[in-house]
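Report on one structure; see the data block that follows.
The values are calculated or read from the model by the stated rules, or taken from the named source; none is laboratory data. These numbers were taken from a predicted model, which means no experiment stands behind them. Here Cβ is always computed from backbone atoms with ideal geometry, including for glycine, and neighbour counts include all displayed protein chains. Ligands, DNA and RNA are excluded from the accessible area calculation, which covers all protein heavy atoms including side chains. Shrake-Rupley method; radii C 1.70, N 1.55, O 1.52, S 1.80 Å.
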Amino acid sequence: MKRRQLLFTLGGALLGIPIIGSLIYDAIAKSKTQNQTSYEPAAAKAPVAKSASTADAKVNSKVNSDAEISLETTEEPLLRFAAIADNGFGSADQMAVAKSMWETYQQKPYAFVLMAGDNIYSYGEIKLAKAYFEEPYAPLLKENVKFYAVLGNHDIAKTNNGLDQINYKPFNMSDRYYTFTKGEVAEGTVEFFAIDTNGNADWETQLAWLDLQLTKSKAPWKIVYGHHPLYSSGRHGSDPKLAAKLSPLFAKHKVPIYLCGHDHGYERFNPIDGTTYIVNGGGGAPLYKFTGLPQTAFVSSQHSFMTFDVYQDKIITKAIATDGKVFDRAIITKV
Ligand SMILES: [Fe+2]
């Protein structure tokens, strides 16, 4: 055990935090296993196993090498944040990801979490927020880690078209689409653009707003996130119509990262017109099969979350499994 980890554990044991956190996760995971929520039977019947498919293995071999491990650095980032999506399923898998998030936080604290939609299955009902959000992430919420949500397709079903979730304070949504800035050091400042990618979004107004906000932004890093992927090899696949709406703006404003979910698994693409697209939909709902695309840099359908370490000249992204292991890392540089 590393010294810092030991100190955390000893300190936490005195405070009772990590031990209680772990006990809570173990107990809830057991009960969740016995009470799995049913959702989309086709997906639930045929989840993709953790072991990579043929396509996974082929793509994984491109990056999962010792050389990539050298991306690890001891230099402390200027800002660190995490991200999840497709998490609010109330499942043992969600709890396993939440536990991994908490354990990672104890070793490498992050300031906040981007939550890229399908926050509450199956219909976004806010009455389930306690069970599917407040309980799974209780240790993080207690530490005042804030979650910044966007609306997924499941979040607009029985919620006054998402309004209930927008009004739910712990989701920190100032509107259907909004922007916020984080980072105490100027060089590490990130402006986030949280967007509504649902089909019934007011696209004309939203795209004009996004163009204006990206134009006005003085932040050295600009990250856009929404629920739906522009590019994906998962069950839902790429969305050329969404790409036609958004990718010209990403190219115009040199957006380095677009983060999303919707397809349940993890897929990172090599930069397309300068933007790195990442599907991060392994937050807890049943997994989908991914096949990989020519532009795919890494794909693995497993339950997971991400962290982002922001530096002046780069952002190091990590995809982290339920066992706490980093299974994909990448360096994103400015466009
Ligand atoms: Fe979705």
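What you get for segment 150-197, charging only the Cβ of Lys and Arg (+1) and of Asp and Glu (-1), is a dipole of about 220 debye around the Cα centre.
Of the peptides 200-206, 138-144, the ranking by mean beta-carbon count within 10 Å, highest at the top, reads 138-144, 200-206. For the pair THR333 and LYS127, label points projected 7 Å from Cα toward Cβ lie 5.4 nm apart. Per-residue surface analysis assigns THR181 an accessible area of about 80 Å², computed on protein heavy atoms at 1.4 Å probe radius. Rounded to the nearest 20, the Cβ-based charge dipole of segment 53-333 about its Cα centre (Lys and Arg +1, Asp and Glu -1) stands at 220 debye. Between PHE305 and ILE320, the built amide H atoms are under 5 Å apart, and every one of these is 5 or more places off in sequence or on another chain.
Using R0 = 35 Å, the C-beta based FRET efficiency linking ASP202 and THR73 works out to 0.25.
Using Cβ point charges alone (K and R +1, D and E -1), the dipole size of segment 190-254 about the Cα centre works out to roughly 280 debye. Between HIS236 and LYS146, the modelled label-to-label distance comes to 2.6 nm, taking each label 7 Å out from Cα in the direction of the beta carbon.
Entry comment: accessible area of segment 193-312 is 31 Å² per residue, from protein heavy atoms only and a probe of 1.4 Å. DSSP bridge analysis restricted to segment 53-333 gives an antiparallel fraction near 65%, rounded to the nearest 5. Remark: accessible surface ordering of ARG176, ARG268, ARG235 (largest first) is ARG235, ARG176, ARG268, probe radius 1.4 Å.
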